[in-house]
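The values are calculated or read from the model by the stated rules, or taken from the named source; none is laboratory data. Not measured: the values here are computed from a predicted model. Glycine also receives a Cβ, built like all others from the backbone with ideal geometry; neighbour counts cover every protein chain displayed. Accessible surface is based on the protein model in full, side chains and every heavy atom, while ligands, DNA and RNA are left aside. Shrake-Rupley method; radii C 1.70, N 1.55, O 1.52, S 1.80 Å.
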Amino acid sequence: MRVFVLIFNAGTDNEGIHSVRITNGQGLEGNQILMFESEDDATRYALMLEAQDFAVPTVEMMDAADVQEFCESAGYDWEIISENSELAIPPAMNVEETDWQAEAEMGYTGKDFPDTGSSVPEIANSDLDSIRRQLEGLL
C-alpha cells in the first residue's frame, strides 16, 4: 500500500521524517509518524505546518510496510490517515528543536553519532542504506 509522508530536508544528509509527540495511557511520551492515504491531505497538512512557522516539508510517496518497519526499529508509533477521514490538524505547539536540527548542529554525518542517552535502538548504517535504497526504489 502506498502512503504519503512528510520529509524535511529531503535528499540531504540531514533528512528527517515528520512526527508528532504523543502520550500513551501510562503517561509515557513517544513519537508517531503520520501516513496519509491521500497526497492532497498530506499537502494540506504540510501547508498547515508552514502556517505555524514550521519548516516546510516535502510530501513523498512511500510503501506503508517500509514506513512501519522503520517505526518498529526506531520505537515510533504510526497512524494511517484515511482518505475519507476528518482532516488531520497539526498540534498547536511544535518542539523548539527537532531531532534533525540537533544532529545538524552537532555535525552528524551518519557516522560516529555520540550517545545521547536515548532508549531508541540504533540501526546499523548498512541497514539504513538498505532501507534508503528500498525507499528510493519506490520513487
Worksheet entry | Y45, Y76, ranked by accessible area, largest first (probe 1.4 Å) | Y76, Y45
Worksheet item: Given labels modelled 7 Å from the Cα in the Cβ direction, how far is it in nm from T43 to N84?
Response: 2.2 nm
